[in-house]
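First the structure, in the form of structure tokens, and then the observations on it.
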DNA sequence: TTTAATATTTAGGCAAACCTAATTAATATT
DNA sequence: AATATTAATTAGGTTTGCCTAAATATTAAA
């Protein structure tokens, strides 16, 4: 059986691999999971014995197909629960992560099927992240950071690259929600400050730090 | 902090006390929780040290007010989740127990408040069991077993005294749902077999074993 | 009331998932 | 290339919640 701890390790390995593309190190896992490096070494040996990861001593771990499937499934559950919390229970997008961290470990395929149906088979979560299907497949993602846009571009805000409550609350405060249209009026090339028009009415200025974390799709 | 194990012990003690009215014995707890008697003795000492129960060696345990509040809160959560599973996710009343057993341990008062609101502040679960309020108070319950009725009584089916899937499925198969009207046509006094009319149309015969587990309320 | 049966507790252990401190391996610096 | 720094592993421990087997209580039966 796969315990919560195991699911959390696999999910962490998946996310760290996504970010860096490399083998996942003991120390990065220790930091993400908030446990000691010694604990990670221990645990990683156990899941390697179960063929959920491949482990090279002192180098790091990589998910096997089996491990990846479990990880992606947890991500699927997490994101479906987040959709539920926001769309059905009226939570804000910055309030759902911790609760979904618990709900994602509930074990019942039937439950997830019913939940998925109840939600209308959503393909993205409240932060714009893709929800994989039950086989672990993700839809194609053609988003890019607003930072990569230039003056004159008209795009749609479809996701965030940074999920901290801090950033999410900044966006809320600045009246920016998923689906909004962003028209790039100008870009200051000294510091990459963006001057934009939101939904054809409101003018805003966003720093580089902000625009690199706003994921957008070109309209049409 | 209260762990899942602790919550399950307190809930089991609460339920066993409900049933017998007496102090709860080690062996009854062991049987209900499917652990050894030795484990129960161990655990009971720990929760007694936390003042969640009073423990008299070789005699049994009783909940303190503190322990009872935790137990009732778990029951509240369990029943709210069952309402959700049946009313919103379209599960059948015999499919929800195991899933709710997991969901009841999710920790977030906020979540329960939102869920309660989402469900329209229900006062009973899909089996007719009362849902206590957040302070642990139950509404008055004026139900009685159909067995206590006599020929000529007109009552409403409002709950079950036996929650096994077996019994629930028997009722479903016999077309009996909460809220149905039951008119007692006659009672065989040799063996307490009841002949009834359901919802003013369908005639049925129920054994003593069945009618003692059907909880009803007199109409008007 | 003495014995037999049943229930409970004690003693000693185990697995999971964590820890710290000490050691070894890998990487970076002079 | 030798040394210092940083990262990873090993060794030994802890806590939680469970176990079995042996010892004591309690309750029931002869």
Hits in the stretch B:51-68 - residues which are within 13 Å of DNA strand C (Cβ to nearest atom) and either within 14 Å of chain A (Cβ to nearest Cβ) or more than 23 Å from the chain's Cα centre (by Cα) (or both): B:54, B:55, B:56, B:57, B:58, B:59
Subset of the stretch B:117-131 [touching a residue at least 24 places away in the same chain (Cβ under 8 Å) and within 14 Å of chain A (Cβ to nearest Cβ)]: B:118, B:119
For residue A:9: the one exception among (1) within 30 Å of residue B:115 (Cβ to Cβ); (2) without any contact (Cβ under 8 Å) to a residue 40 or more places away in the chain; (3) outside any helix (DSSP H, G or I): (3)
Search result, residues across the stretch B:96-116 that are facing chain A (nearest Cβ under 8 Å) and without any contact (Cβ under 8 Å) to a residue 24 or more places away in the chain: B:98, B:99, B:102, B:107, B:108, B:110, B:111, B:114
Test: residue in the stretch B:181-197 that is surrounded by 16 or more Cβ atoms within 10 Å (Cβ to Cβ) and within 30 Å of residue A:112 (Cβ to Cβ): no
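So if I check each of A:41, A:54, which one is part of a helix (DSSP H, G or I) and either without any contact (Cβ under 8 Å) to a residue 60 or more places away in the chain or within 12 Å of DNA strand D (Cβ to nearest atom) (or both)?
Working: A:54 fails: part of a helix (DSSP H, G or I).
Result: A:41 is the single residue among A:41, A:54 that is part of a helix (DSSP H, G or I) and either without any contact (Cβ under 8 Å) to a residue 60 or more places away in the chain or within 12 Å of DNA strand D (Cβ to nearest atom) (or both).
Considering the stretch A:17-31 alone, what residues qualify as being part of a helix (DSSP H, G or I), within 19 Å of the chain's Cα centre (by Cα), surrounded by 15 or more Cβ atoms within 10 Å (Cβ to Cβ) and within 13 Å of DNA strand D (Cβ to nearest atom)?
Filtering the stretch A:17-31 for residues part of a helix (DSSP H, G or I) gives A:17-20, A:26-31.
After this cut, where a residue has to be within 19 Å of the chain's Cα centre (by Cα) as well, the list is A:17-20, A:28-29, A:31.
Pick out the ones that are also surrounded by 15 or more Cβ atoms within 10 Å (Cβ to Cβ) and you get A:17, A:28-29.
Matches in the stretch A:17-31: A:28, A:29.
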Residue among A:92, A:156 that alone is at negative phi and either in contact with a strand residue (DSSP E or B) (Cβ under 7 Å, 6 or more places away or on another chain) or not in a loop (DSSP other than H, G, I, E, B) (or both): A:156
Qualifying residue in the stretch B:9-16 (condition: within 11 Å of DNA strand D (Cβ to nearest atom), more than 14 Å from chain A (Cβ to nearest Cβ), within 23 Å of the chain's Cα centre (by Cα) and surrounded by fewer than 18 Cβ atoms within 10 Å (Cβ to Cβ)): no
Filter result for residue A:41 (farther than 30 Å from residue B:84 by Cα, in contact with a helix residue (DSSP H, G or I) (Cβ under 7 Å, 6 or more places away or on another chain) and more than 14 Å from every other protein chain (Cβ to nearest Cβ)): yes
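Can you tell me which residue among A:100, A:71, A:48 is outside any loop (DSSP other than H, G, I, E, B) and within 15 Å of DNA strand C (Cβ to nearest atom)?
After applying the criteria, what remains is A:48.
A short reminder: the numbers here are calculations on the coordinates, not readings from a lab. Fair warning: this is a prediction, and the values are worked out from it, not measured in the lab. Ideal geometry is used to build each Cβ from the backbone, glycine not excepted, and the neighbour counts take in all protein chains shown.
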